[in-house]
Each structure stands twice: as C-alpha cells, then as structure tokens.
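Colleague: The structure is given below, and queries will be raised subsequently.
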Amino acid sequence: MMRTLELAGAQVPVIGQGTWRMGENPGQRRAEVAALREGLERGLRLIDTAEMYGEGCAEEVVGEAIAGRRDQVFLVSKVYPHNASRAGVTAACERSLKRLGTDHLDLYLLHWRGQYPLAETVEAFERLREQGKIGRWGVSNFDLDDLEELGDPACATNQVLYNPQERGVEFDLLPWQQRQGMPLMAYCPLGQGGALLANRAMGQVAQQHGVSAAQVALAWALRQPNVLVIPKAGDPLHLAENAAAADLQLSEADLQAIDSAYPAPARKQRLQMV
Ligand code: NDP
C-alpha cells in the first residue's frame with residue numbers, strides 16, 4: 001500500500017498521475033488510456049486533469065480510462081480563469097463532467113488567477129459542492145499573497161510548480177501551507193523529463209540507491225509532510241518506477257548532494273509557473 005495523505009476529506013496516495021499533453025494526438029489515445037489504467041493498477045489513484053489540456057480532449061481520455069472504475073479514482077480537474085465567473089464555473093464544470101463520464105469531481109481547482117473576483121469563483125465552487133458535483137475546491141499557481149487574500153480555510157489545496165530546479169516555494173509558501181494543513185500538490189515534479197533527470201548529482205544519488213533519477217526527484221519532493229506529486233507518464237516502465245518511488249528514503253547525504261546542485265532558496269522568490 002502506498003503512503004497516503006488527507007486531501008479534500010479523503011485518504012489519497014502521495015503519488016498521482018498528470019495528464020497534460022494527453023488527448024492532443026488521436027493516434028496516441030489508446031496508449032494514453034492504457035497508461036492511465038496501468039497507473040491505477042499500480043496505486044496511482046489520483047488523476048489530475050484540466051479543461052485546458054487538449055482543449056477538453058485530455059478529459060475525454062481520462063473518461064475512457066476510468067469508465068467502470070470511477071470509485072477507485074480521486075479525480076481532479078481545473079477551470080480556466082476566463083471561465084471562472086459565477087455562471088462560467090457552473091457551465092465549465094458540466095462540460096468537464098460530461099467529457100469525464102462522471103457526475104462528480106473529487107476536487108475542482110481554479111487553474112490560475114484571472115480577471116474574476118476570487119469571491120465570485122468561490123461562491124460558484126461552493127454551489128457546485130452543495131449540489132454534489134464537486135467534493136471540494138482548491139486553487140493552482142497561487143503565491144502566498146494570493147492565498148492570504150483568498151483567506152478561505154475551505155480551500156483544499158494549492159497546486160504549484162515544485163521540483164529541485166524550482167524550489168522557491170520552500171522559503172515561504174510551503175511552510176505556510178504546512179502550518180495551515182493545506183496539502184501542496186507538486187506539478188512538473190520531474191521537471192518535464194528534461195535537464196533535471198540528466199543532472200549529475202541526481203544521477204549519482206540514483207545510482208547509490210539502484211533507482212532512476214526520476215525516482216529520486218519524486219522521493220525528494222515527498223521527503224516532507226503534506227506534499228503530493230503528480231508526474232505524467234505515458235511509458236509503462238515509467239509508471240512502474242514512479243509508483244515504486246514512494247518507498248525510496250533519501251539520506252541526509254543524498255539531500256546535501258541535491259542541495260549542492262540546486263540550492264535551497266535563501267530569500268523570497270516569486271512563484272514560477274509553467
Ligand atoms: P512531469 O514533470 O510530470 O514530466 C513528465 C515527463 O517525464 C514526460 O515526458 C514523461 O515521459 C517523463 N517521465 C515520467 N516518468 C518518468 C520516469 N520514471 N523516468 C523518466 N521520465 C519520466 O511534467 P508535467 O508537465 O506533465 O507535469 C505533471 C502534471 O502536472 C501535468 O501532466 C499536469 O497534470 C500537471 N500540471 C499542472 C500545471 C498547472 O498549472 N496547474 C502546469 C503543469 C503541469 P513519458 O510520458 O514518456 O512517460
């Protein structure tokens with residue numbers, strides 16, 4: 001059994017599955033559906049999607065993957081800021097539910113801050129919650145000042161960029177969320193499969209444990225409480241590796257080696273977005 005944390009009133013495994021870039025190429029669809037199902041079988045039961053991904057097509061892929069097994073999945077989707085008005089949120093949620101083939105989301109996030117007053121978006125989220133269409137709501141790409149302005153304990157999570165290359169949140173946002181008991185959902189935990197995984201220090205730590213650099217990156221984010229990660233993987237070998245990363249414990253020496261490649265923030269850094 002994978003380690004879990006409490007998110008939006010449920011026990012959720014600390015490693016989930018991202019879906020950005022899925023649904024963009026019809027020729028990949030079968031493989032994407034199979035990958036998500038493989039991930040579910042490996043215990044990666046949280047699926048993160050958004051109306052933005054493939055302009056709805058990623059949600060359709062997820063819908064196909066979870067058909068007949070909705071109750072095994074903790075389903076997260078996101079509303080575009082330009083749809084985050086009172087009426088817009090309701091309509092966007094209905095469209096997402098239809099594409100996903102379900103009558104409820106477990107968690108619904110504002111993808112990033114836009115032109116509508118936060119209170120208006122929150123009111124629409126609360127109405128969806130009363131109607132049972134969403135379990136809880138949260139936000140994404142909110143820096144500390146945004147969260148303080150939101151000032152709502154009902155906000156179930158803040159999903160932000162977090163990996164060794166992008167660790168500015170450790171200075172203030174992450175400790176604040178930990179104090180509030182608001183889980184931080186780390187997106188791009190593998191740095192999108194780029195330079196992070198080719199980094200020498202990451203590779204050396206991986207070699208010492210007989211694991212991959214990707215597993216080190218996930219274990220690094222998960223070294224602290226109240227953090228979950230949502231790596232995206234289409235390759236079945238990657239899914240197996242990612243699921244196993246929950247068991248990897250990094251030593252103090254490992255963490256120091258990663259710190260020398262990617263120093264911890266010494267001062268406030270504006271939250272970065274991808
Ligand atoms: P990730 O950091 O998850 O990297 C994904 C890439 O890493 C893919 O190319 C994947 O390849 C590769 N990969 C996965 N597992 C492994 C492994 N074990 N070894 C080597 N390579 C691996 O990037 P994402 O941008 O996808 O971020 C994760 C998720 O976060 C998104 O899919 C999305 O759901 C969410 N997100 C949210 C944002 C927001 O604004 N709220 C912004 C960006 C992302 P392959 O597919 O071939 O397995």
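No lab work stands behind these numbers, since they all come straight from the coordinates. Remember, it's a predicted structure, so these values are computed and weren't measured experimentally. Using ideal geometry, Cβ is built from the backbone for each residue, glycine included, and neighbour counts are taken over all protein chains shown.
Colleague: Stretch LEU255-MET2 to full length: gain in nm at 0.36 nm per residue minus the Cα-Cα span?
Modeller: 88.9 nm
Colleague: Treat each spin label as a single point 7 Å out from the Cα along the C-beta direction, and report the ALA264 to ARG70 distance in nm.
Modeller: 4.4 nm
Colleague: What relative contact order, as a whole-number percentage, does region 88-186 give when Cα pairs under 8 Å and 6 or more residues apart are counted?
Modeller: 24 percent
Colleague: Also, quick follow-up: Roughly what % antiparallel, to the nearest 5, for the DSSP beta bridges in the chain?
Modeller: Of those bridges, close to 15 percent are antiparallel.
Colleague: Dimensions of the chain along principal axes (Cα, Å, largest first)?
Modeller: So the three principal-axis extents are 52, 43, 31 Å.
Colleague: Sticking with this one: Given the -39500 (n - 2.57) contribution per DSSP H run of 4+ residues, what per-residue ellipticity at 222 nm results for the chain, rounded to the nearest 500 deg cm²/dmol?
Modeller: -11500 deg cm²/dmol
Colleague: Moving on to the next point. Rank these for me by crowding, CYS188, CYS57, going from fewest to most other beta carbons within 10 Å.
Modeller: Arranged by neighbour count, lowest to highest, CYS188, CYS57 become CYS57, CYS188.
Colleague: What is the sum of charges around ALA8, taking Lys and Arg as +1, Asp and Glu as -1, for the other residues whose C-beta is under 12 Å from the C-beta of ALA8?
Modeller: Surrounding charge for ALA8 is 0.
Colleague: Here's something else I'd like to know. Could you please rank VAL216, VAL14, placing first whichever residue has the fewest other Cβ atoms within 10 Å of its Cβ?
Modeller: VAL14, VAL216
Colleague: May I ask what percent, to the nearest 5, of DSSP beta bridges between residues of region 97-212 are antiparallel?
Modeller: Among the beta bridges of region 97-212, antiparallel pairing accounts for roughly 10 percent.
Colleague: How high is the relative contact order of region 35-96, given as a whole-number percent (alpha carbon pairs under 8 Å, six or more residues apart)?
Modeller: Reported as a whole number, the value is 37 percent.
Colleague: Here is a further query. Enumerate the amide H contacts of GLY16 below 5 Å, restricted to partners 5 or more residues apart or on another chain; note that Pro and chain-start residues carry no placed amide H.
Modeller: Under 5 Å from the amide H of GLY16: VAL229, ILE230.
Colleague: Leaving out same-chain residues fewer than 8 places away, which lysines sit with a Cα under 28 Å from that of LYS232?
Modeller: LYS78, LYS98, LYS133
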